[in-house]
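Just so you know, all these numbers are worked out from the coordinates, no wet-lab data involved. Treat the numbers as computed from the prediction; the structure is a model and nothing was measured. Please note: Cβ atoms are built from the backbone with ideal geometry, for glycine as well, and neighbour counts cover all protein chains shown.
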Amino acid sequence: MKTAPRLLALGDSAWTLEFGNAIDPAINARVMGLADQLALARGTEALLSSVTDVVPTFRSLTVHYNPVEANAAVLGERLLVLARQACPATQPGRLWHLPVCFDADFAPDLPGLAEAKGLSPGDAIERLLDARFRVYMLGFQPGFPYMGGVPSELQMPRLPVPRQKVPAQSVAVAGAMCSVYPWESPGGWHLVGRTPVVLFDLRYADHPAMLGAGDEVRWYAVDRQTHDALAAEIAQGLPRETFLKALHG
């Protein structure tokens, strides 16, 4: 049975609509369905003109608004009605096929992860390449995608001691999640590869984050030479659409 949405105040300028307490595709589809419903309603309802941003997460949608313009209580009640009426999103997001290089210096944690799971590094790589990852939300850093779909046989807790510096574009896994670090930063996930693709790029002023909630990602392996060549092309302006594939690809 579906859990009824909950309306939660987030300070004095945002409401959160919560649909459950688990990381689950069905719950996330309800979140994205409300996001779609709200996008349509904002174009026709004056009450929603105060909304400034909509932020989906694994299991909730946060709606930011201008508190000077809005009647917060009335807005909250309208959002709750929309949440109850919204249908789960059925339209799939975009499908990205992204390159990843598994060279040893890009994947320092891959051998240990594979050994812990009774696999060879090659077997672990095959499982990652066979998986299809769903982007649930962006967070931690701008453009950092939380992608569910790590095969159960590869799932490991975070490192007991986080690294002080994780190289930018490192592909990493922890538990059931996979991600890419957009910049050099501290981090405690297992580093299993690196992609030349820049997932947060201010040259795209309207949409600097390449991935969005609801998108899906498939990885394909490239060697170091190809990785470096793609990195150079991306730096020169190779468009993101190069990696966008048909939804059933």
Next on the checklist: Order these by the 10 Å Cβ neighbour count, fewest first: CYS178, CYS87, CYS101.
Outcome noted: CYS87, CYS101, CYS178
Checklist entry - Based solely on its DSSP helices, what 222 nm [θ] is calculated for the chain when runs of n ≥ 4 H residues each add -39,500 (n - 2.57) and the sum is averaged over all residues, nearest 500 deg cm²/dmol? => result -7500 deg cm²/dmol
Checklist outcome for this item: Ordered by number, the chymotrypsin sites (Phe, Trp or Tyr not before Pro) in region 120-211 that occupy a DSSP loop and have at most 15 other Cβ atoms within 10 Å are PHE140, TRP183, TYR204
Next on the checklist: Give me the extension gain from GLN85 to GLU115: residue separation times 0.36 nm, minus the current Cα-Cα distance, reported in nm with one decimal.
Outcome noted: 6.0 nm
Item to check | Length added when fully stretched, ALA176-TYR220, from 0.36 nm per residue minus Cα-Cα | outcome: 13.9 nm
Item to check | For the chain: Kirkwood Rh in Å [reciprocal of mean 1/r, alpha carbons] | outcome: 19.5 Å
Next on the checklist: Quick check: pseudo-label points 7 Å beyond the Cα along Cα→Cβ at PHE140 and HIS207, how many nm apart are they?
Outcome noted: 2.3 nm
Checklist outcome for this item: Here the FRET efficiency for LEU129 versus LEU40, based on Cβ atoms and R0 = 22 Å and rounded to 0.05, is 0.05
Checklist entry - Once fully extended, how much extra length lies between SER152 and ARG6, figured as 0.36 nm per residue of separation less the alpha-carbon to alpha-carbon distance? => result 49.5 nm
